[in-house]
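Please treat every number below as a calculation from the coordinates, not as lab data. These numbers were taken from a predicted model, which means no experiment stands behind them. Counting neighbours? That spans all protein chains shown, and the Cβs are built from the backbone with ideal geometry, glycine included.
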Amino acid sequence: MRLFIAVELTEEIKDRIEEQINRLKRMGGNIRWVKRDALHITLKFLGEVSPARVKAIERAMDRAASKVNSFPLKLRGCGRFPLASSRPRVLWVGVEDPGEISRLQEILEDELLREGFQKETRAFHPHVTVGRVKGTSALRKVVGEIDELRDEVFGRVEVKRIVLFRSRLTPDGPIYTELYAAELR
């Protein structure tokens, strides 16, 4: 099973992001835009995991969630990865003041490590992926608009739980199924 752990977004935030995605789509470009129902903040991508390992993930999630109080999170600004590149691969909506979500992610990484999962070596940059760049046609216009949205406020979400999702890849995009949720304290 292809698995990841994430924070869900409110319907209002998804609406605001979808509005901007629809506006950016009209500019063209070879970009695979993320569907509304697939918008989330990934805390940990686990990749292919044996079903026998799911209980270990659940234990790690429960321990991590028990160490963190629920907290508000403000989604603000758009950007791209790589950050300084004029040829980005990923377009995203960012998180203002990522201290608490970064702390949650670090605790989750440590708890998953205790269960035998590899720790992520890249720095954590909390974000909502909104598009994956597939080609450079009309990209300059879209990147310019992304840069103009660097201060756009998309809303607030109260982070109360973390969710284990199964991701099934299809030609029409991934389909996510919730497998487990751990409530923050």
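General observations
- Rounded to the nearest 0.05, the FRET efficiency derived from the C-beta distance between Glu183 and Glu96 at R0 = 22 Å is 0.40.
- Distance from the range 34-101 to the range 142-167 (C-alpha centre basis), Å: 10
- A Gaussian network model of the chain, with springs between Cα atoms under 10 Å, assigns the largest mean-square fluctuation among Ala56, Ala38, Ala64 to Ala56.
- Each listed q (0.08 Å⁻¹) maps to a log10 I(q)/I(0) for the range 2-183, found by the Debye formula over equal Cα scatterers with no solvent: -0.26.
- Label-to-label distance, nm, for residues given as Asp37 and Ser70 (7 Å Cα→Cβ offset): 2.5
- Whole-Hz Karplus values for the range 52-60 come out as 5, 8, 4, 4, 5, 5, 4, 4, 4 Hz, taken residue by residue from phi with 6.51 cos²θ - 1.76 cosθ + 1.60 and θ = phi - 60°; glycine and proline positions read x.
- Model label sites at Gln118 and Ser86, defined 7 Å from Cα along the beta-carbon direction, differ in position by 3.4 nm.
- Relative contact order %, the range 1-151, counting alpha carbon pairs below 8 Å whose residues are six or more apart: 34
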